[in-house]
Amino acid sequence: MRIERVEELFLTSGQETAIAKLLTQSFTVDFEGRSYFQNRHHCRFLYYDETTLVGHLGLCYRAIQLGDQRINIIGIGEVAVRQEARRQGIGFALLNAAIKLSKESQAGFVLLFGEQSIYEAAGFVPAPNTIKLVEMEGARTKQVVEENNPNLMVLSLGERQRDTSVNVDLAGFAF
């Protein structure tokens, strides 16, 4: 078993096909055969059991607005593990690989949208901030919305403390 980090630009067609298949099996939403939901990531973490892809995590690096301040964040999306390989620590291993890379960056926080306790076990906490984002339908732009999303979670990467009283402008779509 191994985790491979692949920059988006260098994904092979075979990797794209395997990721698309995994995402289709893991989520109820229609990915329309793509290896991503709304937009491409900056890099992917791929978990292999021998030559079979069993886990995936997408990571993006973005500048957002936190109140009046512009900060760099890492966004995590599309964490998926094959049904028969779940509850073996694969998702947690992917998350830890992403957090380790994030700590080496200039990002102040890691954000994700998720409901699962795996994220709390990795140190993420709910973020009740009002968020502004571009609403998407699949890979199509809709409108800019402001909302409170109970699934927004945050992990602080350094000394900066999170501020739940200010609005968060994601400067684009959710990850």
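Amide hydrogen proximity for residue 61: with H placed 1.01 Å from N in the peptide plane, the residues at 5 or more positions away or on another chain lying under 5 Å are 42, 75. Modelled spin labels at residue 120 and residue 25, positioned 7 Å past Cα toward Cβ, are 2.9 nm from each other. The HN-Hα couplings worked out from phi for the stretch 11-20 by the Karplus form 6.51 cos²θ - 1.76 cosθ + 1.60 (θ = phi - 60°) are 4, 7, 5, x, 5, 4, 5, 5, 5, 4 Hz, whole numbers, x standing for Gly and Pro. Across the stretch 62-77, computed HN-Hα scalar couplings (Karplus, 6.51 cos²θ - 1.76 cosθ + 1.60, θ = phi - 60°) run 8, 8, 10, 9, 10, x, 8, 9, 8, 9, 8, 9, 10, x, 10, x Hz from first to last residue, x flagging Gly and Pro. Only beta bridges with both residues in the chain are counted; by DSSP, about 85 percent of them are antiparallel. Computed about the Cα centre, the dipole magnitude for the chain is approximately 260 debye when only Lys and Arg (+1) and Asp and Glu (-1) carry charge, each at its Cβ.
In the chain, the portion of solvent-accessible area held by carbon and sulfur atoms comes to 47 percent [1.4 Å probe, whole percent, DNA, RNA and ligands not counted].
Comparing 115, 146, 104 in a Gaussian network model of the chain (Cα springs below 10 Å), the most mobile by mean-square fluctuation is 104.
Using only alpha carbons, the stretch 26-74 has a radius of gyration to Kirkwood radius ratio (Rg to Rh) of 1.11.
Using 0.36 nm per residue and subtracting the Cα-Cα separation, the extra length available between residue 86 and residue 135 on full extension is 14.6 nm.
Between the listed residues 85, 64, 117, the Cα displaced farthest toward the positive end of the dipole of the stretch 1-133, a dipole computed from Cβ unit charges relative to the Cα centre, is found at 64.
Which shape class applies to the stretch 80-175: rounded if a/c is under 1.5, otherwise prolate when a/b exceeds b/c and oblate if not, where a ≥ b ≥ c are the square roots of the Cα gyration tensor eigenvalues? Oblate is the answer for the stretch 80-175, as a/c is 1.5 or above yet b/c matches or exceeds a/b.
Assuming charge only on the beta carbon of Lys and Arg (+1) and of Asp and Glu (-1), the dipole of the stretch 102-150 about its Cα centre is about 140 debye to the nearest 20. The overall shape of the chain is prolate: from the C-alpha gyration tensor, with semi-axes ordered a ≥ b ≥ c, the ratio a/c is 1.5 or greater and a/b exceeds b/c.
Spatial offset of the stretch 138-162 relative to the stretch 47-62 amounts to 22 Å, using the alpha carbon center of each. Can you bin the stretch 1-61 into rounded, prolate or oblate? Criterion: square roots of the alpha carbon gyration tensor eigenvalues sorted a ≥ b ≥ c, rounded for a/c under 1.5, prolate for a/b above b/c, oblate for the rest. In terms of gyration-tensor shape, oblate. Counting only helical runs of four or more DSSP H residues, what would the 222 nm mean residue ellipticity of the chain come to if each run contributes -39,500 (n - 2.57) and the total is spread over all its residues? It lands at -5500 deg cm²/dmol.
Run down the lysines and flag those whose C-alpha is under 20 Å from the C-alpha of residue 132, throwing out any fewer than 8 positions away in its chain. Partners within reach: 142.
Given +1 at the Cβ of Lys and Arg, -1 at the Cβ of Asp and Glu and no other charges, the dipole of the stretch 52-113 around its Cα centre is 120 debye to the nearest 20.
The values are calculated or read from the model by the stated rules, or taken from the named source; none is laboratory data. Predicted model, so just to flag it, every value in this text is computed and none were measured. Using ideal geometry, Cβ is built from the backbone for each residue, glycine included, and neighbour counts are taken over all protein chains shown. We work out accessible area using only protein heavy atoms, side chains counted, and drop any ligands, DNA or RNA first. Shrake-Rupley method; radii C 1.70, N 1.55, O 1.52, S 1.80 Å.
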